[in-house]
Amino acid sequence: MSKPLKRIPGEEEEEDEEIEIEQPVLSADDPLRNYLPTSFGRQDVTRNLDELYEKVRRVPAKPPKPPKNQDSDSDSDGDDDDDEDDDEFPVSHAIELKSHARAVSSISLDPSGTRMATASHDCSMKLYDFPGMSMDHLHPFRSIEPTAGSHHVHSATFSQLDNGQNILVVPAATQAKVYTRDGHESVEFVKGDMYLRDMHNTKGHVAEITAGVWHPTNSNLCATASADSTIRIWDINSKRQHKDIMVHKSRAKGGRSRMCCLAWAPAEGGKSLLASVALDGALVLYGGNGPYSRPAMEVKDAHKPDTWTGGIAFSGDGRLLATRGQDQTVKLWDTRKMKMPIASRADFSMPRHPETALVFSSNNTSLLTGDAEGNLHVLSAATLSTSEIHAISSSPIISLVHHTTINQLLLGTAGGSVHILFSPAKSTKGAKSILAAPLRKRHIDDDPSLTTDATAISGDAIVVPSQQPAKRKANDKFKPEMPAPTPWGKSQPDQEHIRKSIALSSMRDEDPREALLKYADKAEKDPMFTGVWKKNQPKTIYMEAQEEEEEEQPDKKKRRW
């Protein structure tokens with residue numbers, strides 16, 4: 001070990017002097033000053049957030065007026081009110097993400113609101129990380145095809161009890177999957193035996209899964225509904241067989257009916273419930289903790305039979321249940337008395353998609369849903385009357401999420417885009433972190449116009465004009481491309497040596513037909529290979545043709561009368 005240096009007695013300690021950087025001797029108006037650094041290290045460019053917020057301020061089209069028979073308690077945002085802080089929901093600003101090529105069927109966020117998962121009918125699921133995004137980089141960090149591009153994805157939902165460590169993915173197949181928050185597959189539930197009639201004897205679903213939800217109090221349990229008329233509860237630690245099963249006995253022919261949607265009520269203040277609506281119109285509620293042999297409550301004709309009911313949601317206290325179906329109705333139920341709905345509305349335009357957006361607000365006083373015209377409706381949870389209408393998109397709104405932690409609304413449309421609605425004053429993180437993030441420094445290779453073009457030639461490459469591939473005509477789309485000519489295509493280093501040493505080498509540039517016809521007269525006068533047959537070639541003898549006698553045709557069979 002090195003010993004510390006000792007100070008020599010009598011030597012005075014010199015005070016640390018500040019290091020002075022010698023400045024170049026330049027005049028004040030010298031243009032060279034613009035290229036000299038003023039400080040060291042990374043310099044963060046200060047961004048004017050007020051100016052950025054003004055750029056993403058939402059200027060929606062004028063929304064439709066509410067029906068005359070319903071009272072509108074508050075004005076819609078079509079008038080573009082300046083007092084945006086009075087709005088209950090953050091709808092003043094918006095950022096649009098071009099996420100998918102088809103309809104966005106599901107949107108989910110983790111409890112902290114930093115990551116988002118979207119599912120779509122383009123057979124893919126995408127994961128976004130808000131802190132890693134910026135206004136010039138609105139892209140997911142991972143894109144996944146759960147079934148190798150063969151089935152569209154109904155939903156992708158984050159677990160809420162373990163800080164979003166798992167994602168339940170429900171493709172339009174017989175097997176649901178669980179992914180980690182980083183997009184790695186961890187569990188694939190087993191498939192059932194489709195040849196068994198009794199669904200209690202199968203270990204998994206035998207038909208398409210339509211919906212899936214997480215258990216409200218147990219992070220290891222989840223439930224899935226299927227078109228095989230069953231609801232199954234799974235343990236992610238035991239993927240080879242379901243934990244419990246609920247079989248819906250339908251009044252339809254065959255005793256089976258597709259289960260359209262699924263919702264699990266929170267166990268706050270009462271018994272947990274698991275609700276679903278079948279294709280035969282029946283609304284069934286099972287006890288969240290069992291028994292599952294028969295439903296605790298059932299309404300036979302809750303919705304019109306043979307119509308899909310994709311929207312279902314419980315209130316925060318589990319006392320109210322809202323359903324919405326393709327029969328153009330929205331109904332509100334009291335879980336303590338399920339005989340009749342406490343409110344019903346039958347004038348909603350339903351998008352032509354199996355998934356439907358329907359969620360309760362944080363204070364359980366409002367319902368949020370979308371329509372086929374791309375409008376966001378805020379309904380009263382007591383009467384289902386419209387209190388606010390916001391024009392969001394020109395495409396129908398399919399999925400909808402209101403995240404209370406960051407206070408932002410996320411809407412998925414049938415056109416494949418995701419709209420993030422927020423308020424600069426009331427919202428946190430999410431879209432605000434995207435705006436505040438510095439723009440990425442783009443490399444020259446990131447610009448596709450400078451790297452590759454339609455002919456796959458580098459933008460900065462030196463290309464000989466004679467080597468550039470010619471543009472193909474419209475009628476030559478089935479014609480193969482000819483190879484580009486090269487300097488060695490028609491010449492050799494010693495062409496005279498090749499002509500003398502290789503016989504018939506000059507024929508490579510000639511037309512084969514013309515080359516053969518050139519020797520036609522010579523071959524006929526002085527045949528080289530067939531001269532041996534001139535003297536002893538036998539003459540061909542043909543038999544003289546004779547007229548054949550007409551054969552008598554047999555008499556036709558007599559008809560039997």
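The values are calculated or read from the model by the stated rules, or taken from the named source; none is laboratory data. As the structure is a computational prediction, the values presented were derived from the model and not from experiment. Every residue, glycine as well, gets a Cβ built from its backbone with ideal geometry; the counts of neighbours run over all protein chains shown.
Things to note:
- Within region 119-133, the set of residues being small (Gly, Ala, Ser) and surrounded by fewer than 17 Cβ atoms within 10 Å (Cβ to Cβ) comprises Gly132 only.
Rundown of residues vs (1) in a loop (DSSP other than H, G, I, E, B); (2) crowded, with 24+ Cβ neighbours inside 10 Å, yes/no style:
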{"position": "Ala211", "(1), (2)": "no, yes"}
{"position": "Thr217", "(1), (2)": "yes, no"}
{"position": "Cys222", "(1), (2)": "no, yes"}
{"position": "Trp234", "(1), (2)": "no, yes"}
{"position": "His242", "(1), (2)": "yes, no"}
{"position": "Ile245", "(1), (2)": "no, no"}
{"position": "Ala252", "(1), (2)": "yes, no"}
{"position": "Leu274", "(1), (2)": "no, yes"}
{"position": "Val277", "(1), (2)": "no, yes"}
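- Leu332, sole failed condition from (1) modelled with pLDDT of 90 or more; (2) in a loop (DSSP other than H, G, I, E, B); (3) not aromatic (Phe, Trp, Tyr): (2)
Quick grid of which residues meet (1) without any contact (Cβ under 8 Å) to a residue 40 or more places away in the chain; (2) in contact with a strand residue (DSSP E or B) (Cβ under 7 Å, 6 or more places away or on another chain); (3) surrounded by 22 or more Cβ atoms within 10 Å (Cβ to Cβ); (4) of a type in the set (Asp, Glu):
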position	(1), (2), (3), (4)
Glu96	no, yes, no, yes
Ala101	no, no, no, no
Ser106	no, yes, yes, no
Ala117	no, yes, yes, no
Leu138	no, yes, no, no
Ser143	yes, yes, no, no
Leu168	no, yes, yes, no
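- Unmet criterion (only one of (1) surrounded by 15 or more Cβ atoms within 10 Å (Cβ to Cβ); (2) of a type in the set (Gly, Ala, Ser); (3) out of contact with any strand residue (DSSP E or B) (no Cβ under 8 Å at 6 or more places or on another chain)) for Ser155: (3)
- All positions within region 86-116 that are among the β-branched types (Val, Ile, Thr) and over 12 Å from the mean Cα position of the chain (by Cα): Val91, Ile95, Thr114
- Applying the criterion of being surrounded by 17 or more Cβ atoms within 10 Å (Cβ to Cβ) and more than 13 Å from Tyr53 (Cβ to Cβ) to the residues of region 422-432, the residue that is farthest from the chain's Cα centre (by Cα) is Lys429.
- Lone unmet requirement of (1) under 28 Å from the mean Cα position of the chain (by Cα); (2) within 22 Å of Arg251 (Cα to Cα); (3) not basic (Lys, Arg) for Gln328: (2)
- Considering region 283-324, there are no qualifying strands (runs of 3 or more DSSP E) wholly inside with 1 or more residues that are small (Gly, Ala, Ser), crowded, with 20+ Cβ neighbours inside 10 Å and touching a residue at least 60 places away in the same chain (Cβ under 8 Å).
- Tabulated pairs, region 507-527, first without any contact (Cβ under 8 Å) to a residue 60 or more places away in the chain and surrounded by 10 or more Cβ atoms within 10 Å (Cβ to Cβ), second of a type in the set (Gly, Ala, Ser) and in a helix (DSSP H, G or I), C-beta under 9 angstrom, 6+ apart or interchain: Met507/Ala515
- In region 188-202, the residues that are within 26 Å of Ser272 (Cα to Cα) and under 30 Å from the mean Cα position of the chain (by Cα): Phe189
- So Tyr195, is it of a type in the set (Phe, Trp, Tyr), free of Cβ contacts under 8 Å to residues at least 40 places away in the same chain and surrounded by 15 or more Cβ atoms within 10 Å (Cβ to Cβ): no
- Checking region 369-376 against the condition returns a match, with at least one residue being in contact with a Gly (Cβ under 6 Å, 6 or more places away or on another chain), in a strand (DSSP E or B) and crowded, with 21+ Cβ neighbours inside 10 Å.
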